[in-house]
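Asks: This is the structure, below, for whatever I ask next.
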């Protein structure tokens with residue numbers, strides 16, 4: 001539906017374009033898994049090289065391990081914030097309507113879904129216990145040991161790269177921050193590596 005709306009906005013025929021193609025899909029984490037990952041990042045203290053972080057933390061831990069845990073679900077909006085969200089949505093709908101923008105789609109879709117009724121009263125009630133975090137840590141360690149990509153990396157670690165390779169990596173990182181095509185090439189490489197498990 002989103003593609004059809006976008007194509008219509010540009011004056012394109014959506015049926016003429018192939019949409020059933022492989023993609024590097026988004027992933028989501030439950031609140032306990034997110035908190036666990038936050039603590040991991042906090043302990044890494046920014047000293048983990050970015051390329052290693054992308055492979056080991058983002059791909060192996062977050063995408064392939066934490067997002068695959070059973071029982072995870074969407075993070076509910078606490079009751080204390082629901083009125084604020086509804087008011088903001090109505091404000092956006094009113095402003096867009098009054099200003100007469102050409103909107104593709106239905107502005108009513110900006111309204112949040114009706115509450116289920118079992119949401120926590122405050123965000124503090126969502127905070128996972130230490131026991132939950134310990135359970136996630138144990139399951140994650142076991143999963144990483146069983147995961148082919150993670151196991152190869154953990155059991156077959158390569159020696160530290162020579163200084164020239166490190167310097168090249170830093171140069172590529174600086175260029176990718178400055179030039180969009182370089183960043184696009186890096187992202188393509190990450191996608192390929194994720195698919196082949198390296």
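The values are calculated or read from the model by the stated rules, or taken from the named source; none is laboratory data. Nothing here was measured: the structure is a model prediction, and the numbers come from that model. No Cβ is skipped: glycine too gets one built from the backbone with ideal geometry, and neighbour counts run over all protein chains shown.
Asks: Can you find even one residue in the range 109-118 that is without any contact (Cβ under 8 Å) to a residue 40 or more places away in the chain, exposed (fewer than 14 other Cβ atoms within 10 Å of the Cβ), under 26 Å from the mean Cα position of the chain (by Cα) and within 30 Å of residue 141 (Cα to Cα)?
Replies: For the range 109-118, residues without any contact (Cβ under 8 Å) to a residue 40 or more places away in the chain, exposed (fewer than 14 other Cβ atoms within 10 Å of the Cβ), under 26 Å from the mean Cα position of the chain (by Cα) and within 30 Å of residue 141 (Cα to Cα): absent.
Asks: Report those helices (runs of 4 or more DSSP H) wholly inside the range 90-198 carrying at least 3 residues which are modelled with pLDDT of 70 or more and farther than 30 Å from residue 35 by Cα.
Replies: Counting at least 3 such residues, we get 163-178, 180-196.
Asks: Could you please let me know if residue 37 is over 27 Å from residue 172 (Cβ atoms), surrounded by 12 or more Cβ atoms within 10 Å (Cβ to Cβ) and at pLDDT 90 or above?
Replies: No: the conditions fail for residue 37.
Asks: Restricting to the range 87-102, count the residues that are exposed (fewer than 14 other Cβ atoms within 10 Å of the Cβ) and touching a residue at least 12 places away in the same chain (Cβ under 8 Å).
Replies: The total comes to 2.
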